[in-house]
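Beneath this line is the structure, given in structure tokens, with notes to follow.
Derivation of every value follows stated rules applied to the coordinates shown; laboratory data play no part. Quick caveat, the model's predicted, so the values are computed rather than measured. When we count neighbours, we look across all protein chains shown, and the Cβ atoms used for this are built from the backbone with ideal geometry, even at glycine.
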Amino acid sequence: MLLAALLFGTSLATTAQTAHPHHHTTHYRTTATRPPPSTGPKVYVCSGGSAYAYHNYESCSGLNRCTHTVNAVTVAEAEGMGRRACRKCY
Ligand SMILES: [Zn+2]
């Protein structure tokens with residue numbers, strides 16, 4: 001009896017922890033629809049009109065041919081510009 005009362009009193013104090021049992025019924029849906037953070041990994045794109053790819057390395061040979069400005073952007077931004085992953089450095 002004393003133990004039961006003790007457990008009951010304790011459970012009231014720790015409701016926040018005991019209210020979340022680890023069941024497998026919880027599904028996390030935040031992976032696909034959440035936009036990537038702006039501080040993600042950077043890729044390099046050439047601002048020239050003929051450029052079509054984004055590069056993993058700033059020293060990529062495909063990027064060295066760029067005669068325009070090289071910009072460091074996120075992958076999402078590069079894909080938004082219509083760029084594809086470079087075959088040489090990816
Ligand atoms: Zn490249």
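Observations
- Residue list for region 49-90, restricted to those being among the β-branched types (Val, Ile, Thr) and away from the ligand (no atom under 12 Å from the Cβ): Thr67, Thr69, Val73, Thr74, Val75
- Pair list, Cβ < 7 Å and 6+ apart or interchain, from region 54-83 residues that are over 10 Å from Tyr44 (Cα atoms) to residues that are among the charged types (D, E, K, R): Ser61/Lys88; Gly62/Lys88
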